[in-house]
Amino acid sequence: VKGFLMIMIVFIHSFQTIAGAAAAESSVHKIMFTLFMPTGACLYLFTMGFGSVFTRHSQPKDMVRNGIKLLIYQGISNLTVSYAIRNSITGEVAGSREVFEASRYSMLTFVNIFFISGMCYLVLALYRKFNVKLGGYIISALIVGIVTPFTKLLVSDNQALNWLLDMTFGGKGETSFCFFPYLSYVFLGYVFAKVIRKVPEDEKGAFYKKSGLVCGIVAAAWFVICNVMHPGVDGFFNYMIEQYRTPGLVKVVGTFCSIILVFAVAFFLMPIIEKWKFVYNKLCYYSRQISKMYAVHIGVYWTIAGFAAFYEFSVRDCLILSVVVLIVTDLLVQGYLKLTDKLKG
């Protein structure tokens, strides 16, 4: 599931980094985003909470270390060096500096999945330190979903404070993500992992049939109702993108059911996918290296943007370059892993 998610993240981010105005506003982008929005970053955080139950490194100090590491990744991913490198090699293109200057503030203050996952690790460390019971995670997930529509109203006239509030609650709307609303998915992932651990191996098929059916019906009903209340591609997209950053309780429930449905589908597809060794191994590889893949692919997109002098790519360009970026990112991560293995050796 995480491996397939990484592929879709690469495709969707092409429209959010290098696309021209026409491509960014295209139905292709909006439909793709809306279809995968119920999972996306939500699933990444859900599996993070899920994984915290199974990992050997589950002590508070381990989670704090992971949280700090991800926050460092966030800082590295904000560095905007591709434009300067490009100019030193090929020279400056007329008009490109203005585009770069206009986008530099947003690039430097941009926070993404690393920030929210790093902060969520720190929260998990606190919960583990104080030995919070399973019911506490469930109650916390519900509370976060209920209060998020109100906490996002917190804004300030002070620019620095407003940025911090935006990173935390999402009121200003400039940062890509805000960590507080996503705590619901982390807590629910933790709860689901505790449940699945109690299901015997030979009963998991029956478990996923029942849970997948129930959650599939709820997810489908939620999706249809949202579409009816916000008709049209633009209306549905605008509603979903708002709920993506600051989800209320209904969105949390809809996303949770969507994730369990995806888990159930993946469980029954696994025997088929395992026969396609290349595809199966790639999905597993992307899953294991998802943080590195995420960190690197954004840089590849910005390098393309820099060398193309911020050319406005079309829908077809974005789709083609998504494949290129996925391959390049894969190769860069493989090279990094080989280099670190040699250094360790």
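Selection of the stretch 126-148 for residues being out of contact with any Gly (no Cβ under 8 Å at 6 or more places or on another chain), within 18 Å of PHE179 (Cα to Cα) and open to solvent by less than 40 Å² (accessible area, probe 1.4 Å) yields TYR137, SER140, ALA141, VAL144.
Results for (1) without any contact (Cβ under 8 Å) to a residue 12 or more places away in the chain; (2) farther than 30 Å from GLY216 by Cα; (3) not aliphatic (A, V, I, L, M), shown as yes or no for each residue.
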{"site": "VAL265", "(1), (2), (3)": "no, no, no"}
{"site": "LEU283", "(1), (2), (3)": "no, no, no"}
{"site": "LYS292", "(1), (2), (3)": "no, yes, yes"}
{"site": "PHE310", "(1), (2), (3)": "no, yes, yes"}
{"site": "ARG316", "(1), (2), (3)": "yes, yes, yes"}
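Contact annotation: residue pairs with Cβ atoms under 7 Å, 6 or more positions apart or on different chains, pairing a residue in the stretch 154-172 that is more than 16 Å from MET119 (Cα to Cα) with a partner that is surrounded by 14 or more Cβ atoms within 10 Å (Cβ to Cβ) and acidic (Asp, Glu), are LYS172/ASP166.
Taking the conditions (1) of a type in the set (Asp, Glu); (2) open to solvent by 60 Å² or more (accessible area, probe 1.4 Å); (3) over 17 Å from the mean Cα position of the chain (by Cα) in turn, ASP317 satisfies each one other than (2).
When you scan the stretch 291-306, do you find a residue that is modelled with pLDDT under 95, more than 22 Å from the chain's Cα centre (by Cα) and either open to solvent by less than 40 Å² (accessible area, probe 1.4 Å) or of a type in the set (S, T, N, Q) (or both), even just one? Yes, the conditions are met somewhere in the stretch 291-306. Selection of the stretch 39-73 for residues being β-branched (Val, Ile, Thr) and surrounded by 15 or more Cβ atoms within 10 Å (Cβ to Cβ) yields THR39, THR47, VAL53, VAL64. Filtering ILE273, ILE260, ILE320, ILE327 for residues that are in contact with a Cys (Cβ under 6 Å, 6 or more places away or on another chain) and modelled with pLDDT of 90 or more leaves a single hit, ILE260.
Under the condition of being open to solvent by less than 10 Å² (accessible area, probe 1.4 Å) and not in a helix (DSSP H, G or I), which residue from the stretch 165-176 is modelled with the lowest pLDDT? Ranking the candidates gives THR175 first.
Only residues that are open to solvent by less than 20 Å² (accessible area, probe 1.4 Å), of a type in the set (Phe, Trp, Tyr) and over 23 Å from ILE143 (Cα atoms) were counted in the stretch 184-229, giving 0.
Taking the condition small (Gly, Ala, Ser), within 20 Å of GLY40 (Cβ to Cβ), touching a residue at least 24 places away in the same chain (Cβ under 8 Å) and out of contact with any strand residue (DSSP E or B) (no Cβ under 6 Å at 6 or more places or on another chain), does SER117 pass? For SER117, the condition - small (Gly, Ala, Ser), within 20 Å of GLY40 (Cβ to Cβ), touching a residue at least 24 places away in the same chain (Cβ under 8 Å) and out of contact with any strand residue (DSSP E or B) (no Cβ under 6 Å at 6 or more places or on another chain) - is met. Residues that are more than 17 Å from LEU326 (Cβ to Cβ), among the β-branched types (Val, Ile, Thr) and modelled with pLDDT of 90 or more were ranked within the stretch 2-38; the one that is least open to solvent (accessible area, probe 1.4 Å) is VAL28. For the stretch 1-50, the set of residues classified as over 30 Å from ARG128 (Cβ atoms) and basic (Lys, Arg) consists of LYS30 only.
The values are calculated or read from the model by the stated rules, or taken from the named source; none is laboratory data. Just so you know, these numbers come straight off a predicted model, no measurement behind them. Note: ideal-geometry Cβ built from the backbone for every residue, glycine included; neighbour counts use all protein chains shown. Just so you know, the surface numbers come from the protein's heavy atoms only, side chains and all, with ligands and any DNA or RNA stripped out. Shrake-Rupley method; radii C 1.70, N 1.55, O 1.52, S 1.80 Å.
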